[in-house]
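This report concerns only the one structure given below.
The values are calculated or read from the model by the stated rules, or taken from the named source; none is laboratory data. Please read all numbers here as calculations on a predicted model, not as lab measurements. Heads up, the Cβs are rebuilt from the backbone with ideal geometry, glycines too, and the neighbour counts pull from every protein chain shown. Protein only, heavy atoms only, side chains kept; ligands, DNA and RNA dropped before computing areas. Shrake-Rupley method; radii C 1.70, N 1.55, O 1.52, S 1.80 Å.
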Amino acid sequence: MKTQRLNVNSRWGFFTAVLPAIAAAAWSAETPALKEVWRDHFYIGAAINRTIATGSSVRANNVNRSPEQVEKDIAVVKKQFNQIVPENDLKWALVHPREGKDGYEFGPADAFVNFGLSNKMYLVGHTLIWHAQTPDWVFAGTNLPPGDTKATPPSTTEISGTNTPGRGRFGGGFGRGYNGPRASREELLERMREHIHTVVGRYKGKIKVWDVVNEAIAEGGTNMLRNSLWLQIIGPDFIAKAFEYAHEADPDAILRYNDYSLENPTKRGRLISLIKSLQAKHVPVMAIGSQTHVNVSSPTFEAEDQALTELEQLGLPIHITELDVNSARAG
């Protein structure tokens, strides 16, 4: 198999698992950093939280670190990694919690970018379009859901209801969703365009890679796409539109589709079909992000190699966007 250049990001769940051990290890002056060992092959990355980006022991997303711990965390990130991505602060609910052009909260995201640039790191943005951690106002409008005669009124809170950042690896909003009167296709497309142009445009030339669409593929059933509000309101071309808007905002950024469980042949087949359909329409999808949540016994090396080999047929770089290895045996 011809090896593509991989961008490797460990998400916070993996990073926190190894951070105390790395911080406590007795590193000699001769011990090379991870980023140096693999410099000629791929980036070694980490998802950083607001505590690291700001250098303060603020309570953010269920993380509460003392000043001493934050100092050690920052030292480890600077020594070991040459690529970073924010865990939450570029997700819609955090960066654009309120409706309109005045509804943005760029402080934490700016801190992330400034931290990366000041330390000469490669910056990745996560994520522009996702079914979770998206405020209810994004989907709200005057149109009733199909078959509904009395929908719940839209919420007036900033990041309300089922789309708030939640506990656990995947955040909030899974399996639920906004149930009130909906925006029209045109309204939602305009909100998507304004959001993407504003966020990507603000960091043009600084953030090099964007997860444009995250986890849009259905994991079960017979449908290709997850039955999200993006799909219900806009239609399946919401993915193409997101990539088009991101490319307009920064023509030089690498734009990727990101998903998990690509070791599963059925889901991988759906991804391959989706990307081929986008390529046929000249949609600017430029890389595939594989989250790669694995454990010590599954998938096998052969299964992982098969997954990467099949994804390679798309002719796009394969980025390992999350790499966490559970030590518990499957089953």
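Got a sec? Which of Glu244, Glu322 is within 19 Å of Ile129 (Cα to Cα), surrounded by 14 or more Cβ atoms within 10 Å (Cβ to Cβ) and modelled with pLDDT under 95?
The match here is Glu322.
Give the residue that is surrounded by the most Cβ atoms within 10 Å (Cβ to Cβ), with candidates limited to residues of region 100-147 that are assigned to a loop (DSSP other than H, G, I, E, B) and of a type in the set (Gly, Ala, Ser). So that I can check it myself, show each step before the final result.
Let us first name the residues in region 100-147 that are assigned to a loop (DSSP other than H, G, I, E, B), namely 100-106, 119-121, 131-135, 139, 144-147.
Still in the running and of a type in the set (Gly, Ala, Ser): 100, 103, 132, 147.
Working: Gly100: 10, Gly103: 14, Ala132: 24, Gly147: 5.
Among them, the one singled out is Ala132.
For region 178-200, check the following and say yes or no: at least one residue is under 27 Å from Glu322 (Cα atoms), at pLDDT below 95 and part of a loop (DSSP other than H, G, I, E, B).
no
Of the conditions (1) more than 29 Å from Ile207 (Cβ to Cβ); (2) touching a residue at least 24 places away in the same chain (Cβ under 8 Å); (3) part of a loop (DSSP other than H, G, I, E, B), Asn227 fails just one. Which one is it?
Of everything listed in (1) more than 29 Å from Ile207 (Cβ to Cβ); (2) touching a residue at least 24 places away in the same chain (Cβ under 8 Å); (3) part of a loop (DSSP other than H, G, I, E, B), Asn227 misses just condition (2).
Could you please find all residues in region 204-222 being surrounded by 22 or more Cβ atoms within 10 Å (Cβ to Cβ) and over 24 Å from Arg270 (Cα atoms)?
Of everything in region 204-222, just one residue is surrounded by 22 or more Cβ atoms within 10 Å (Cβ to Cβ) and over 24 Å from Arg270 (Cα atoms), namely Ile207.
Give region 201-224 a look and list any residue that's within 18 Å of the chain's Cα centre (by Cα) and part of a loop (DSSP other than H, G, I, E, B), or say none.
Tyr203, Lys204, Lys206, Glu215, Ala216, Ala218, Glu219
Quick check, is Thr149 modelled with pLDDT under 95 and not small (Gly, Ala, Ser)?
It is true that Thr149 is modelled with pLDDT under 95 and not small (Gly, Ala, Ser).
Which one of Ile207, Ile254, Ile234, Ile217 is at pLDDT 95 or above, touching a Leu at 6+ places or on another chain (Cβ under 6 Å) and farther than 30 Å from Asp148 by Cα?
Exactly one of Ile207, Ile254, Ile234, Ile217 is at pLDDT 95 or above, touching a Leu at 6+ places or on another chain (Cβ under 6 Å) and farther than 30 Å from Asp148 by Cα, namely Ile207.
Can you tell me which residue in region 286-313 is modelled with the lowest pLDDT, limited to those that are open to solvent by 10 Å² or more (accessible area, probe 1.4 Å) and among the hydrophobic types (A, V, I, L, M, F, W, C)?
Out of the qualifying residues, it is Val296.
Sort through Ala109, Ala60, Ala25, Ala29 and tell me the only one that's under 24 Å from the mean Cα position of the chain (by Cα), modelled with pLDDT under 95 and of a type outside the set (Lys, Arg).
Ala60
Going through region 262-285 one residue at a time, which ones are closer than 26 Å to Glu248 by Cβ, open to solvent by 30 Å² or more (accessible area, probe 1.4 Å) and in contact with a helix residue (DSSP H, G or I) (Cβ under 7 Å, 6 or more places away or on another chain)?
Lys281, the sole residue that qualifies.
Does region 241-257 hold any residues that are without any contact (Cβ under 8 Å) to a residue 60 or more places away in the chain, more than 14 Å from Ala287 (Cα to Cα) and among the hydrophobic types (A, V, I, L, M, F, W, C), and which are they?
Ala249
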